[in-house]
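Participant: Encoded as structure tokens, here's the structure I'll be asking about.
The values are calculated or read from the model by the stated rules, or taken from the named source; none is laboratory data. Since this is a predicted model, take the numbers as computed values, not measurements. What goes into the accessible areas is simple: the full protein's heavy atoms, side chains included, and nothing from ligands, DNA or RNA. Shrake-Rupley method; radii C 1.70, N 1.55, O 1.52, S 1.80 Å.
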Amino acid sequence: EISLRGLVLPVGGIKEKVLAALRAGIHTVLLPARNKKDLQEIPEDARNQLELVWLETVDDALRAAIEPE
């Protein structure tokens, strides 16, 4: 979710969303930085297979989506 000011807001169900992405073959996941506290819910073996990109603003999201490293 994105606020009117362009801030990326926290969302629920991070564990389920990340595990579903991994099952679908996605290895780079963009997540709200405010959800970093939910990282411990994701199993370590799943975390090791993923590249997690933490977003603060919509600009971060666009940059990560358009110009991947």
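Participant: Return one whole number: the accessible area per residue of the chain in Å², for a 1.4 Å probe.
Facilitator: Here the residues of the chain average 70 Å² of exposed surface.
Participant: Per residue of segment 9-25, in order, report the coupling 6.51 cos²θ - 1.76 cosθ + 1.60 (Karplus, θ = phi - 60°) as ³J(HN,Hα) in whole Hz, putting x for Gly and Pro.
Facilitator: 9, x, 10, x, x, 4, 4, 5, 5, 5, 5, 5, 4, 4, 4, 7, x
Participant: If you don't mind, there's one more thing I want to ask. Hey, any idea what % of the chain's accessible area is carbon plus sulfur with a 1.4 Å probe? Provide the component values of the computation, followed by the final result.
Facilitator: Details: 2570 of 4850 Å².
Accessible surface attributable to carbon and sulfur in the chain totals 53 percent.
Participant: In terms of modelled amide H atoms, which long-range or inter-chain residues lie less than 5 Å from the amide H of GLU56?
Facilitator: Here the answer is ALA33, since their amide H atoms fall under 5 Å of that of GLU56.
Participant: Let me ask something else about it. At 4 °C and a viscosity of 1.567 mPa s, what translational diffusion coefficient does Stokes-Einstein give for the chain, taking Rh as the Kirkwood radius over Cα pairs? Give it in µm²/s as a whole number.
Facilitator: Result for D is 104 µm²/s.
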